[in-house]
Amino acid sequence: MRLHLFPLRQPGYIDSVDWSVLSASEGQRLREFGVCEGASIEALHRGGLMGRGPLACKVGRMTIAMRRNHAEAIDVRSGPETPAQ
Amino acid sequence: MTAIPLVALVGNPNAGKSALFNALTGARQKLGNYPGVTVERKSGRISLDDGRPVELVDLPGTYSLDPTSPDEQVTRDVILGRQEGERLPDALVIVVDASNLDNHLRFALELIALGLPTIVALNMVDLATRDGLELDANTLSADLGVPVIATVAVRKRGLDHLRGALEGMLDGGPRQLRPSVPDIGFDARRAEARRIARAAIVTETPSRRLTAAVDRVALHPVMGLVVLLSLLFVMFQAVYAWSQPPITMIEGWAAAAADAASAALPDGLLRSFLVDGVINGVGSVIVFLPQILILFFFILMLEATGYMTRAAFMMDGLMARVGLSGRAFIPLLSSFACAVPGIMATRTISDPKDRLTTILIAPLMTCSARLPVYAVIIGAFIPAQTVGPGIGLQGLVLFILYVAGIIGALIVALILRVTVTKGKSSGFLMEMPKYQFPRIQDILIGLWQRAVIFLKRAGTIIFASTVILWLLLSFPKPPVGSNVSPVDYSIAGRIAGGLNVVMEPIGFNRDISLALIPAMAAREVAVSALATVYSLEANDDEAALERSLGDRLKGRWSLPTALAFLAWFVFAPQCISTIAVTRRETNGWRWPAFMVGYLFALAYCAAGITFWIATAAGL
Ligand SMILES: Nc1nc2c(ncn2[C@@H]2O[C@H](COP(=O)(O)OP(=O)(O)O)[C@@H](O)[C@H]2O)c(=O)[nH]1
Ligand SMILES: [Mg+2]
């Protein structure tokens, strides 16, 4: 399920990221924040009315804010992170 | 010749590099609990225990050696010895946040691979403990292959160890980067960082999550907005509610000084210079020190707690509509203090057009130099009454003026983004640090620094502008027996008379025109200039000398004129420093010229419209 639709405050992990829809610098920054296949992720807070605002989520131990278009590129599954990571 | 060894502090944003720099050097670099506080290289000296001096440099934080914004570029260049006129560092101190090791170690591994002598400062161990995380520095050190020293920068813990480790590092010959490191690549480094971080954990007990709980309110679409607006609202109420006793005190001192000078000196130039120029002129600005400090108190609190990034989060939706990102809101909020650091802080914005737009609208945020201007007019023309429980009318008007600045800035941004800085709107990606309780000494030091800066301004630029104005107002003297007023007859009076032809249609009088010219140097000068003019004019009238600037204004200006004057200052770009820093940050005169032009045009229109509407409304 795409991250922007993922229920809040539920453990999940990143299944895949569609890097092609992100600009090079945004992709780089997301990776630097720890966004990658297999990383644990938890959607925490949705900003803005009607879900149009940014999304705060926890990736590993870090809380980051991103926009909806970034969240749309991230596919998430519920459950604890994969042991493969 | 042996140069002093150069040691660079480097690491992720918000790891505590500047705090460590301050602790080691005794400097007072600005700290803040959000990424992007340090935007330029700063250096200082420390001496090691064996007496050797070391030059320590504090750098902007960055997530990797691939910079995405101008501040991160500086860090990369310094570390790799590419910065112009700068040598390769002799050693690196990598600062990592113990409570976020996975992420910080990835960058640390990239830095260690450079092959320079390196020490890791495992900082913020107190925060890790708060989160129930216990780490073993020795394991970490064995895995990383470099010394690891646990520190708590803000409590000066671990500094002796750090200095000791540095001593060992700095023996040895000239440094060079490891030639063409076989880079293991980003993903491998991340996996390695994770493995090392896990191995260093001694115990981990899930603990209460203060940050998540607060954020449920602070980031809530509705409640978060209420919180943000309430914070701003309380801030402006406090500027009035808390400041009266100290202001009355300072006014008392100024009046006593003016009386003493008048009594001690014979009527003449020297007395006029001291009383009209120095005491009444410069003193009229110093009176606002308490209000400025109250404003700064709130800004410092917002910065220290970690709320700044939450404000950016809340504002992102609105900022996106005008083609900016929530990230740009942080420099704008900093511009409440002063536009100069606000404009410098835009170095953290990666998109050049975003950055330029933010620079161009930064002067619209109401900086603290405008506070004296607003306060004197509000004090004179807005009655000190309450309009609701706990809501003072004066504070409300001040709040409205600030909001007018913000709305003006957003509208201008919107227009700029479809015209001169046209381009695709960039995204919003930001790390949100954990909340921290502000440390009282940090806040006090911050306030002290602002007070010193303000008093220095009063003693230099404001003093000089006021003295020059006093000179131009005092000469030439009208011939004896003529009934032309001395002010009208003076050089300044004549210049202002000329300018007044342009300013009269928007409701300004000669005295305002007179004050606006020296106020080009700094906005507060408008207040000291008016004080000097009216003090000079009041010379014959002994009773008038007793009254404050506010009382004098009330007698001479109509309400529409006063309101037009306020509207002018919401927009007018009257600050040499802002223009200079804009020139520096945009590398040329083109953008500062554009900025000054559009702001004056806006100021003129806003003042005019305010005046005409107020007049038509019969105020
Ligand atoms: N609790 C705690 N806070 C720290 C420590 N070091 C720095 N801080 C705080 O963390 C924030 C970021 O510090 P700063 O030095 O500005 O980080 P920089 O971006 O790396 O320069 C500030 O609010 C500091 O007061 C530490 O060891 N413990
Ligand atoms: Mg810093």
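Key figures
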| quantity | calculated |
| --- | --- |
| For B:Val340: the one exception among (1) under 30 Å from B:Met520 (Cβ atoms); (2) within 14 Å of chain A (Cβ to nearest Cβ) | (2) |
| Hey, B:Tyr34 closer than 20 Å to B:Leu116 by Cα and not aliphatic (A, V, I, L, M) or not | no |
| Subset of segment A:1-34 [among the hydrophobic types (A, V, I, L, M, F, W, C), crowded, with 19+ Cβ neighbours inside 10 Å and within 10 Å of chain B (Cβ to nearest Cβ)] | A:Leu22, A:Leu30, A:Phe33 |
| Selected residue [in a loop (DSSP other than H, G, I, E, B), surrounded by 19 or more Cβ atoms within 10 Å (Cβ to Cβ) and assigned by TED's automatic domain parsing to the domain that holds B:Arg189] from B:Gly36, B:Gly85 | B:Gly36 |
| Every residue from segment B:239-282 that is outside any helix (DSSP H, G or I) and either exposed (fewer than 14 other Cβ atoms within 10 Å of the Cβ) or under 28 Å from the mean Cα position of the chain (by Cα) (or both) | B:Trp242, B:Ser243, B:Pro266, B:Asp267, B:Gly268 |
| Sole residue being away from ligand 2 (no atom under 16 Å from the Cβ) and in contact with a helix residue (DSSP H, G or I) (Cβ under 8 Å, 6 or more places away or on another chain), chosen from B:Asp316, B:Asp351 | B:Asp316 |
| Pairs, first closer than 21 Å to B:Arg189 by Cβ and away from chain A (no Cβ under 11 Å) in segment B:51-77, second within 12 Å of ligand 2 (Cβ to nearest atom) and part of a strand (DSSP E or B), C-beta under 8 Å, six or more apart | B:Leu59/B:Leu9; B:Leu59/B:Val10; B:Gly61/B:Gly11; B:Thr75/B:Val10 |
| Residue in segment B:14-22 that is among the hydrophobic types (A, V, I, L, M, F, W, C), assigned by TED's automatic domain parsing to the domain that holds B:Ala142, more than 10 Å from ligand 1 (Cβ to nearest atom) and not in a loop (DSSP other than H, G, I, E, B) present | no |
| Residue count, segment B:416-474 (criterion: away from ligand 1 (no atom under 16 Å from the Cβ) and more than 30 Å from B:Asp131 (Cα to Cα)) | 38 |
| Residues of segment B:39-59 classified as in a loop (DSSP other than H, G, I, E, B), within 13 Å of ligand 1 (Cβ to nearest atom) and not basic (Lys, Arg), total | 3 |
| B:His104 within 16 Å of ligand 2 (Cβ to nearest atom) and either assigned to a helix (DSSP H, G or I) or within 14 Å of chain A (Cβ to nearest Cβ) (or both) | yes |
| Filter pass, B:Phe297 being within 14 Å of another protein chain (Cβ to nearest Cβ) and assigned to a helix (DSSP H, G or I) | no |
| Where B:Gly550 falls short, out of the listed (1) under 28 Å from the mean Cα position of the chain (by Cα); (2) surrounded by fewer than 22 Cβ atoms within 10 Å (Cβ to Cβ); (3) small (Gly, Ala, Ser) | (1) |
| Exclusive hit being closer than 23 Å to B:Arg583 by Cβ, in contact (Cβ under 8 Å) with a residue 60 or more places away in the chain and either away from every other protein chain (no Cβ under 14 Å) or part of a loop (DSSP other than H, G, I, E, B) (or both), set B:Ala362, B:Ala375 | B:Ala362 |
| Considering residues of segment A:35-68 that are in a helix (DSSP H, G or I) and either of a type in the set (Asp, Glu) or more than 7 Å from chain B (Cβ to nearest Cβ) (or both) only, the residue surrounded by the fewest Cβ atoms within 10 Å (Cβ to Cβ) | A:Met50 |
| Check on B:Ala15, within 24 Å of B:Phe107 (Cα to Cα), among the aliphatic types (A, V, I, L, M), within 14 Å of chain A (Cβ to nearest Cβ) and within 9 Å of ligand 2 (Cβ to nearest atom) | yes |
| Criterion violated by B:Phe571 - all others in (1) modelled with pLDDT under 90; (2) crowded, with 17+ Cβ neighbours inside 10 Å satisfied | (1) |
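Here's the yes/no breakdown for (1) surrounded by fewer than 24 Cβ atoms within 10 Å (Cβ to Cβ); (2) farther than 25 Å from B:Thr346 by Cβ; (3) more than 16 Å from ligand 2 (Cβ to nearest atom):
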residue	(1), (2), (3)
B:Ala3	yes, yes, yes
B:Thr62	no, no, no
B:Asp66	yes, no, yes
B:Gly81	yes, yes, yes
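The values are calculated or read from the model by the stated rules, or taken from the named source; none is laboratory data. Please read these numbers as outputs of a predicted model, since none were measured by experiment. Every residue, glycine as well, gets a Cβ built from its backbone with ideal geometry; the counts of neighbours run over all protein chains shown.
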